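Q: Attaching a single structure in structure tokens format; questions to follow.
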Amino acid sequence: MLHGKRVLLIISGGIAAYKSLELIRIMKKTGLTVRCILTKGGAEFVTPLAVSSLSENKVYKDLFSLTDEAEMGHIRLSRETDLIVIAPASADLLAKMAQGIADDLASTTLLATNKPVMAVPAMNVRMWENAATQENLNTLHKRGIKIIGPDEGDMACGEFGPGRMVEPEEISAEIIKYFGDNSPLAGKKALVTSGPTQEPIDPVRFISNRSSGKQGHAIAAALARQGAITKLVSGPTNQPDPAGVEVEHIETAQEMLNACQAALPVDIAVCAAAVSDWHINEEAKTKIKKTNDTPPTLRMATNPDILATLSSAGKNRPTLVIGFAAETDNIVANAKNKRDKKGCDWLLANDVSAESGTFGGSKNTIHFINDSGIEDWPEMTKKEVAETLSEKIIRCFNEK
Ligand code: C5P
């Protein structure tokens with residue numbers, strides 16, 4: 001979505017530099033061209049090879065070593081970009097910027113630039129709180145430099161407080177915001193559920209199902225790529241959090257419902273989670289002991305239906321509510337009934353019989369049901385299903 005835009009990333013010295021590798025990966029995914037300057041301190045924490053492999057560009061380190069024609073000095077580096085991002089921005093580099101010191105490639109480029117600068121500080125809490133750092137930040141802020149973070153939390157040095165570098169997803173969201181988003185779902189809010197839920201029996205046991213979360217996570221990622229502000233509410237899975245998506249991890253159906261209701265209002269809701277139909281009526285507070293007597297009887301109660309609840313959310317109802325129907329037989333007939341019963345707009349029915357390999361697998365065959373009838377989609381990967389669905393969502397909003 002940001003094809004044609006260029007970012008110059010300056011990585012200065014700090015343990016948070018490892019997160020900058022992830023930032024480069026996320027920036028590249030948005031279509032940005034990324035060039036990197038690695039300071040001497042930065043190179044103590046991440047290697048030039050890692051930075052150049054991820055950015056798919058040469059890494060710039062030295063002020064005075066231009067070895068070939070194609071190489072760029074500080075002036076070209078500072079001009080041939082649309083935005084400079086410093087992550088992590090060390091206390092030392094911030095101090096140099098505030099004073100106008102130019103004694104290495106990073107500080108000289110920053111002094112020479114005529115482009116906007118975002119600084120993402122990361123340092124020990126005492127260094128952050130030091131009056132010198134605070135005065136420097138004040139100066140930089142007054143000069144129009146955007147300071148992002150820092151976050152508060154446990155630090156690599158064992159202390160606690162403000163100083164942690166903001167997470168790469170959040171930095172990339174700021175970059176996207178800066179460039180102004182003209183992607184198809186820009187300004188739309190999407191909510192996606194994914195994965196199984198776990199319903200506790202006692203503190204160590206639970207009931208759950210085999211959902212992998214692959215389909216739901218792929219949908220959240222696809223909607224975010226199309227520019228939607230996307231929240232994913234996920235049960236326990238092995239899937240990594242998708243880039244650019246706010247993820248809330250929950251365990252039970254009730255927690256999933258609470259998280260979904262708290263996310264309203266949204267424009268799009270996609271319920272791809274395999275929510276447990278029941279929970280244990282009274283969860284044991286201590287581990288149920290195995291005795292030689294008869295095994296325990298588990299009494300269950302019905303879980304809330306998240307899809308049905310969102311579909312009947314009155315003035316908070318998402319404009320487009322989409323459900324999945326995991327069926328093992330009579331797929332289309334059952335799915336049509338389900339759509340009516342749940343009150344959702346679109347239903348994607350899929351075969352999850354053991355032979356289909358859908359649960360946990362990477363492929364899916366969808367029967368798409370809406371007011372106009374049924375479409376049988378060919379077998380696709382779950383990622384392709386996610387992309388096809390998000391294109392359909394874009395068309396639907398374009399027609400509204
Ligand atoms: O009723 P069934 O589980 O077959 O319906 C499947 C659809 O309903 C899926 O979209 C699933 O995410 C959603 N669902 C839900 N809350 C439940 C049960 C299912 O959101 N308690």
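The values are calculated or read from the model by the stated rules, or taken from the named source; none is laboratory data. Treat the numbers as computed from the prediction; the structure is a model and nothing was measured. Cβ sites come from the backbone with ideal geometry, for glycine too, and all protein chains shown count toward neighbours. When the accessible area is computed, the model is the full protein with side chains, heavy atoms only, and any ligands, DNA or RNA have been set aside. Shrake-Rupley method; radii C 1.70, N 1.55, O 1.52, S 1.80 Å.
Q: Please give the length that would be gained between ASP340 and ALA112 if that part of the chain were fully extended, namely 0.36 nm times their separation in residues minus their C-alpha to C-alpha distance (nm, one decimal).
A: Gain on stretching ASP340 to ALA112: 75.8 nm.
Q: Here's something else I'd like to know. Modelling each spin label as a point 7 Å along the Cα-to-Cβ direction, I'd like the GLN261/ASP241 distance in nm, to one decimal.
A: The two pseudo-label positions are separated by 2.5 nm.
Q: Compute the angle between helix 382-399 and the longest alpha-carbon principal axis of the chain, please, reported from 0 to 90 degrees and rounded to the nearest 10.
A: For helix 382-399, the angle is close to 90 degrees.
Q: Leaving ligands, DNA and RNA out of it, report the carbon-plus-sulfur percent of the accessible area of the chain at a 1.4 Å probe.
A: Carbon-and-sulfur percentage of accessible area, whole number: 49.
Q: Place a point 7 Å from Cα of ASP202 in the direction of its Cβ. Which residues in the stretch 265-291 have their backbone N less than 14 Å from it?
A: 282-291
Q: Let me ask something else. Expressed as a rounded percentage, what relative contact order does the stretch 185-399 have, with Cα pairs under 8 Å and six or more residues apart?
A: Relative contact order here is 20 percent.
Q: Give the calculated FRET efficiency between THR302 and CYS396 to the nearest 0.05, with a Förster radius of 30 Å applied to their Cβ-Cβ distance. Don't skip to the end; give the middle numbers.
A: Values: r = 32 Å, r/R0 = 1.06.
Between THR302 and CYS396 the formula returns 0.40.
Q: Solvent-accessible area per residue for the chain at a 1.4 Å probe radius, Å²?
A: Here the per-residue accessible area is 49 Å².
Q: I would also like to ask the following. Can you order the peptides 297-306, 97-106 by their average number of other Cβ atoms within 10 Å per residue, highest first?
A: The densest-packed peptide leads the list: 97-106, 297-306.
Q: Could you give me the ³J(HN,Hα) list for the stretch 339-349, computed from phi with Karplus coefficients 6.51, -1.76, 1.60 and θ = phi - 60°, whole Hz, x at Gly and Pro?
A: Result, ordered by residue: 4, 5, 5, 7, x, 8, 7, 10, 10, 10, 9 Hz.
Q: Using a simple charge model, +1 on the beta-carbon of Lys and Arg, -1 on the beta-carbon of Asp and Glu, nothing else, what dipole does the chain show about its Cα centre, in debye to the nearest 20?
A: 500 debye
Q: Still on this structure: Can you figure out the FRET efficiency of LEU63 with ASP154, using R₀ = 41 Å and their beta-carbon distance, to the nearest 0.05?
A: 0.70
Q: Follow-up. Name the residue from THR252, LEU223, ALA273 whose Cα lies farthest towards the positive end of the charge dipole of the stretch 185-399, charges +1 on Cβ of Lys and Arg and -1 on Cβ of Asp and Glu.
A: The listed residue farthest towards the positive side: THR252.
Q: If you don't mind, there's one more thing I want to ask. Given H placed on each backbone N at 1.01 Å, which residues far from GLN226 in sequence or on other chains put an amide H within less than 5 Å of it?
A: For GLN226, whose amide H was placed from the backbone, there are no distant partners under 5 Å.
Q: Roughly what % antiparallel, to the nearest 5, for the DSSP beta bridges in the chain?
A: On the way: 19 of 62 bridges.
Beta bridges within the chain, antiparallel portion: roughly 30 percent.
Q: Related question: So if we plug the beta-carbon distance of ALA131 and ASP277 into 1/(1 + (r/R0)^6) with R0 = 51 Å, what FRET efficiency do we get, rounded to 0.05? Present the calculation step by step, with values, prior to reporting the outcome.
A: Values: r = 59 Å, r/R0 = 1.16.
Calculated value: 0.30.
Q: Express in nm, to one decimal, how much length is gained between LYS142 and GLU251 on full extension, taking 0.36 nm for each residue of separation and deducting their alpha carbon distance.
A: 34.7 nm
Q: Suppose we keep just the DSSP beta bridges with both residues in the stretch 6-178; what percent of those would be antiparallel, to 5?
A: Looking only at bridges with both residues in the stretch 6-178, the antiparallel portion is about 20 percent.
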